[in-house]
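Everything below concerns the one structure shown next.
The values are calculated or read from the model by the stated rules, or taken from the named source; none is laboratory data. A quick note: this is a predicted structure, and the numbers were derived from the prediction, not measured. Every residue, glycine among them, receives a Cβ derived from its backbone with ideal geometry; neighbour counts consider all protein chains shown. What goes into the accessible areas is simple: the full protein's heavy atoms, side chains included, and nothing from ligands, DNA or RNA. Shrake-Rupley method; radii C 1.70, N 1.55, O 1.52, S 1.80 Å.
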Amino acid sequence: MSSLPQILREKLAASPSGRLPFAQVMDLALYHPDHGYYGAGPRKIGRQGDFYTSVSVGPLFGKLLAMYALQEWQAQGEPENFTLIEQGAHDGQLAVDVLSALEGSPLRYIIVEPNPKYREAQFQRLGDRVQWVENLVALKAGPKHGFFLCNELPDAFPVHLVRWNGERWEELFIETDGTEAFRFIPGGCSCEELEAEVKHLPHDLETGHTLEINLAMLSWIRALAQAAFHGAIFIADYGLDAEEFHADSRADGTIRRYRQHQTDGRVLADLGECDLTTHINFTRLIDEAVRHGLSQREYDLQGRLLGRMAMKWIQSLEGRPPDAATMRQFNSLTHPALMGRSFRCLILEKSAR
């Protein structure tokens with residue numbers, strides 16, 4: 001069976017230009033069904049994996065989302081068909097945590113998952129407590145009331161890379177260097193949508209400044225806006241505002257590879273064996289969401305937003321301190337030196353279609 005580098009070299013050889021946009025390479029490296037980092041099935045997360053997430057900290061993150069979902073359900077008049085919808089559910093742990101916190105409630109749960117290997121892993125943990133759909137298009141048929149949630153989803157979408165050459169923005173492509181390795185080479189934009197995006201980028205940056213353009217994220221939020229449900233959309237992820245991407249300190253871009261809790265910029269090394277991730281442009285995401293009928297409800301650092309979401313939980317303790325394990329989870333999720341500043345949370349409002 002061919003390895004991922006072999007498959008990539010074959011695709012490069014078949015390309016008329018002998019090169020491929022980085023977005024295609026990143027898509028293969030992450031989602032090839034046999035050789036992609038995520039394609040073959042859920043990866044280990046946490047101490048035994050390559051990275052931590054808010055979910056791997058413990059069940060408190062899911063509990064806070066469950067409480068927010070209940071508030072959303074009550075605000076909508078407690079409709080019978082109210083459904084939590086999760087995308088990017090990985091091994092199903094967040095769904096387990098949310099459903100455990102919702103024990104006894106009538107709320108339903110749907111997971112959006114196109115990969116059958118992931119659906120099987122999720123079913124092993126969740127059984128018939130959830131339903132599955134393959135894509136966002138399926139949500140055009142319902143439900144009519146819901147709460148959509150995703151944690152670290154758009155940061156793993158394949159991105160195009162562009163670099164300022166002192167006069168214009170160029171896309172960075174991948175080609176072979178004549179040996180077994182791959183390298184970047186600049187060229188004109190590979191598609192009209194990318195060309196339209198770079199027209200809005202600044203022209204006063206230092207030569208060599210590199211940015212990621214997440215066209216897949218824009219397509220995703222447009223598809224989500226077409227879903228039938230009315231309610232909130234919760235998005236938690238690594239991200240920055242547009243002007244932060246233009247700082248000299250980020251001139252190399254934010255694309256990184258993760259392996260065994262170590263991160264670096266060698267994104268063409270060990271393709272398929274490492275996670276590739278990038279910060280998302282929350283300014284651009286919000287602009288596109290609003291353009292397609294969604295509205296911004298809240299946007300903040302994860303520590304501050306989860307702190308506000310936790311107020312009802314804290315009040316329910318009636319002055320009693322939480323147990324030590326739960327307190328450690330809360331600190332990990334909200335402390336600025338831990339996940340509180342690294343992640344940002346966006347809550348969008350979606351009206352019924």
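Could you check how many residues of the stretch 258-284 are open to solvent by 40 Å² or more (accessible area, probe 1.4 Å), among the acidic types (Asp, Glu) and assigned to a strand (DSSP E or B)?
1
Would you call THR179 open to solvent by 10 Å² or more (accessible area, probe 1.4 Å), assigned to a loop (DSSP other than H, G, I, E, B) and at pLDDT below 95?
Details: open to solvent by 10 Å² or more (accessible area, probe 1.4 Å): yes; assigned to a loop (DSSP other than H, G, I, E, B): yes; at pLDDT below 95: yes.
So THR179 fits the description; yes.
Kindly provide the set of residues from the stretch 182-194 that are open to solvent by 20 Å² or more (accessible area, probe 1.4 Å) and either in a loop (DSSP other than H, G, I, E, B) or touching a strand residue (DSSP E or B) at 6+ places or on another chain (Cβ under 7 Å) (or both), ordered by number.
Across the stretch 182-194, the qualifying residues are PHE182, ARG183, PHE184, ILE185, PRO186, GLY188, CYS189, SER190, CYS191.
Of everything in the stretch 291-329, what is farther than 26 Å from GLU349 by Cα and open to solvent by less than 40 Å² (accessible area, probe 1.4 Å)? Give them in sequence order.
Within the stretch 291-329, LEU317, PRO322, THR326, GLN329 qualify.
Give the number of residues within the stretch 313-353 that are part of a helix (DSSP H, G or I), in contact with a Ser or Thr (Cβ under 9 Å, 6 or more places away or on another chain) and free of Cβ contacts under 8 Å to residues at least 60 places away in the same chain.
1
Can you tell me how many residues within the stretch 195-235 are touching a residue at least 12 places away in the same chain (Cβ under 8 Å), within 16 Å of the chain's Cα centre (by Cα) and outside any loop (DSSP other than H, G, I, E, B)?
Keep residues of the stretch 195-235 that are touching a residue at least 12 places away in the same chain (Cβ under 8 Å), which gives 197-198, 201-203, 205-218, 220-235.
Now restrict to residues that are within 16 Å of the chain's Cα centre (by Cα): 212-218, 220-224, 233-235.
Still in the running and outside any loop (DSSP other than H, G, I, E, B): 212-213, 215-218, 220-224, 233-235.
Total satisfying the criteria: 14.
Here is a check on your reading of the model: is GLN87 in contact with a strand residue (DSSP E or B) (Cβ under 7 Å, 6 or more places away or on another chain), polar (S, T, N, Q) and closer than 19 Å to VAL55 by Cβ?
Numbers: in contact with a strand residue (DSSP E or B) (Cβ under 7 Å, 6 or more places away or on another chain): yes; polar (S, T, N, Q): yes; closer than 19 Å to VAL55 by Cβ: yes.
Yes.
Could you grab the pairs with beta carbons closer than 8 Å, sequence gap of 6+ or different chains, first residue in the stretch 293-312 and under 26 Å from ALA227 (Cα atoms) and among the basic types (Lys, Arg), second one assigned to a strand (DSSP E or B) and open to solvent by 20 Å² or more (accessible area, probe 1.4 Å)?
ARG297/GLU349
For PHE147, only one of the following conditions fails: (1) in contact with a Gly (Cβ under 9 Å, 6 or more places away or on another chain); (2) surrounded by fewer than 20 Cβ atoms within 10 Å (Cβ to Cβ); (3) aromatic (Phe, Trp, Tyr). What is its number?
(2)
Quick test of your reading of the structure: ALA89 fulfils all but one of (1) of a type outside the set (S, T, N, Q); (2) closer than 30 Å to ASP270 by Cα; (3) at pLDDT 95 or above; (4) surrounded by fewer than 19 Cβ atoms within 10 Å (Cβ to Cβ). Name the failing condition by number.
Evaluating ALA89 over (1) of a type outside the set (S, T, N, Q); (2) closer than 30 Å to ASP270 by Cα; (3) at pLDDT 95 or above; (4) surrounded by fewer than 19 Cβ atoms within 10 Å (Cβ to Cβ) leaves (4) as the failure.
For the stretch 221-241, what are the residues that are of a type in the set (Phe, Trp, Tyr) and closer than 24 Å to ASN81 by Cα?
PHE229, PHE234
Mind checking which residues of the stretch 92-114 are open to solvent by 20 Å² or more (accessible area, probe 1.4 Å), of a type in the set (Ser, Thr, Tyr) and not in a loop (DSSP other than H, G, I, E, B)?
Scanning the stretch 92-114 gives a single hit, SER100.
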